[in-house]
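S.K.: Below are the structure tokens for one structure; questions will follow.
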Amino acid sequence: MIATAHPWRRVALLILLASVASLSLVAGCGEDPEPDPAAAAATAPMPTGSPIALKQDNAAVRLGFGDMPLMTGHSSLQFISDAFSTAVLEVQVIDERKAQEFNPTDVKDNPAVVQAKKRTEELLDEIDEAIAADGVADFDRYVLVIDLFRVNSRWLVRWDGVKIRDIDEDGAYGLDREDMRTEEKKIILDAIAEAADRKPLTHVVIGAAIERLELVNPEDFGNFVSFYGEVYDAIKERWPDLLVSPGLNWDRFETEIAALYTPGGTVGEVTFAHIRAAWMEIGEALFDKADFLGLQAEPEPSTYAGDPAMLPDSQYALLAEIQGDRPVVWYSVNWPVTSGAEKVTQRDYLRRFLELNAGNDIDLISWRGVRDFGPDDCPRTTALGGPRSDCAAGIFSDSLAKNKLSDEFESTLLP
């Protein structure tokens, strides 16, 4: 097995961080101290230049099942077609809702569960039918996000359908198993083929918010890194022009992951030196093979007193240093709220997000969803342990009514 995050390496990094602090103190005692590169590396960078402008060529919309049929014959479909040139499609390798309906021992062989290609096909059918019915323009390009596990961030559904909290090998997703790696790679390639055969597919993200594996089981995170490398090579062999990246929630990386490098392991202790240390060990390994930086932005509101204005200026500034010639694709952006009444806060976060990305090379920015969950989807999601905030992550309300957030997109993207 391969593991990229070992406790002894974290201890070494903590010693390095302590050395940085000591060097800074020593430098402060003398006359005209020599610049210390280690101390400078611990300093949080600040955004440079103008805020990112949200434009039609860099704004994407994330479409889910049921979105397009609901919008058919509605003015929101025309708005989506006019305002966004790129569609982001997210599908799961494991459908957690279906997995709960079957005996776990039967799940692996049940095509209703392990069939990302089928769900990709269904989603593309919805898009084509809505476009044909309303005569609106198709999207210029498509991004496919393939999520290995979803809904409840506190437990995972493994490839063979067993919930981690119900098995002895607690925390193990299963990517150490060769049979899982082989079959899951085939599932991913089949889903990509379905999208690439039908649409102008330009980007693929393998594993959404994959940093969660590091929080559940560091060894299995290492297993994913090696698995992703195999999938990357297989994609490039078949589709050499397709751009590929893993997926990471940057806000969780800067808090919960960086907290693993603090003495007490808490978010409140995190300094920028800890964020840099986390990137050196975890981020660099994860994005070693990546044509772009596939990132999700979803801060935990309680960390910032529920106010987007409290996000530090350095929240996304490190990206300008580490991206090199790889642009950033924000495949999912959201400020979690629990009701439509808080859409003004999401609007304020969108504005702050664009401001804090100044200096970054941004290819795409996609909001979390096109509409809020309806009265049927929301109870199903929360019953599986998904956060209530997932229900209110759309640009429009569940009835497609406009709000402060959709007004912001419309005023920004349309003349």
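S.K.: Working only within the stretch 364-376, note down all residues that are out of contact with any Ser or Thr (no Cβ under 9 Å at 6 or more places or on another chain) and buried (at least 17 other Cβ atoms within 10 Å of the Cβ).
M.R.: ILE365
S.K.: Which residues, taken from the stretch 185-207, are crowded, with 23+ Cβ neighbours inside 10 Å, touching a Lys or Arg at 6+ places or on another chain (Cβ under 9 Å) and more than 12 Å from THR120 (Cα to Cα)?
M.R.: HIS203
S.K.: Considering only the stretch 90-106, I want to know if a residue exists there that is in contact with a helix residue (DSSP H, G or I) (Cβ under 8 Å, 6 or more places away or on another chain), assigned to a loop (DSSP other than H, G, I, E, B) and either more than 23 Å from ARG380 (Cβ to Cβ) or at pLDDT 85 or above (or both).
M.R.: no
S.K.: For the stretch 243-263, name all the residues that are out of contact with any strand residue (DSSP E or B) (no Cβ under 9 Å at 6 or more places or on another chain), buried (at least 22 other Cβ atoms within 10 Å of the Cβ) and either among the hydroxyl-bearing types (Ser, Thr, Tyr) or at pLDDT below 95 (or both).
M.R.: Once the filter is applied, which keeps residues that are out of contact with any strand residue (DSSP E or B) (no Cβ under 9 Å at 6 or more places or on another chain), buried (at least 22 other Cβ atoms within 10 Å of the Cβ) and either among the hydroxyl-bearing types (Ser, Thr, Tyr) or at pLDDT below 95 (or both), the stretch 243-263 yields only TYR261.
S.K.: While we're here: Restricting attention to the stretch 243-264, report how many residues are in contact (Cβ under 8 Å) with a residue 12 or more places away in the chain and either more than 22 Å from LEU318 (Cβ to Cβ) or not in a helix (DSSP H, G or I) (or both).
M.R.: Of the residues in that region, 9 qualify.
S.K.: Also, I was wondering about something else. Of (1) free of Cβ contacts under 8 Å to residues at least 24 places away in the same chain; (2) acidic (Asp, Glu); (3) crowded, with 18+ Cβ neighbours inside 10 Å, GLU281 satisfies all except one. Which?
M.R.: (1)
S.K.: Of all residues in the stretch 189-224, how many are more than 15 Å from GLY174 (Cβ to Cβ) and in contact with a strand residue (DSSP E or B) (Cβ under 8 Å, 6 or more places away or on another chain)?
M.R.: Going through the stretch 189-224 one residue at a time, the tally reaches 14.
S.K.: Just one of ASP348, ASP398, ASP307 is charged (D, E, K, R), under 30 Å from ALA42 (Cβ atoms) and free of Cβ contacts under 8 Å to residues at least 60 places away in the same chain; which is it?
M.R.: On inspection, the qualifying residue turns out to be ASP307.
S.K.: Let me ask another. Can you pull out the residues in the stretch 348-395 that are at pLDDT 95 or above and among the aromatic types (Phe, Trp, Tyr)?
M.R.: Of everything in the stretch 348-395, those that are at pLDDT 95 or above and among the aromatic types (Phe, Trp, Tyr) turn out to be TYR349, PHE353, TRP367.
S.K.: Let me ask something else. Considering only residues that are at pLDDT 95 or above and of a type in the set (S, T, N, Q), look in the stretch 326-347 and name the one that is nearest to the chain's Cα centre (by Cα).
M.R.: Of everything passing the filter in the stretch 326-347, SER332 is nearest to the chain's Cα centre (by Cα).
S.K.: Scan the stretch 305-322 residue by residue and report those that are of a type outside the set (Asp, Glu) and surrounded by fewer than 18 Cβ atoms within 10 Å (Cβ to Cβ).
M.R.: Answer for the stretch 305-322, where residues must be of a type outside the set (Asp, Glu) and surrounded by fewer than 18 Cβ atoms within 10 Å (Cβ to Cβ): ALA305, GLY306, ALA309, MET310, PRO312, SER314, ILE322.
S.K.: Can you find even one residue in the stretch 37-48 that is over 23 Å from PHE353 (Cα atoms), surrounded by fewer than 13 Cβ atoms within 10 Å (Cβ to Cβ) and modelled with pLDDT under 80?
M.R.: For the stretch 37-48, residues over 23 Å from PHE353 (Cα atoms), surrounded by fewer than 13 Cβ atoms within 10 Å (Cβ to Cβ) and modelled with pLDDT under 80: present.
S.K.: Name every residue in the stretch 228-242 that is surrounded by fewer than 22 Cβ atoms within 10 Å (Cβ to Cβ), outside any loop (DSSP other than H, G, I, E, B) and without any contact (Cβ under 8 Å) to a residue 60 or more places away in the chain, in order of residue number.
M.R.: GLU230, TYR232, ASP233, ALA234, ILE235, LYS236, GLU237, ARG238
S.K.: Filter the stretch 44-83 for residues that are out of contact with any Gly (no Cβ under 6 Å at 6 or more places or on another chain) and among the polar types (S, T, N, Q); which is nearest to GLU129 (Cα to Cα)?
M.R.: Once the filter is applied, the top-ranked residue is THR72.
The values are calculated or read from the model by the stated rules, or taken from the named source; none is laboratory data. Just so we're clear, the structure is a prediction, and the values are computed from it rather than from any experiment. Reconstructed Cβ throughout: ideal geometry from the backbone, glycine too, with neighbour counts over all protein chains shown.
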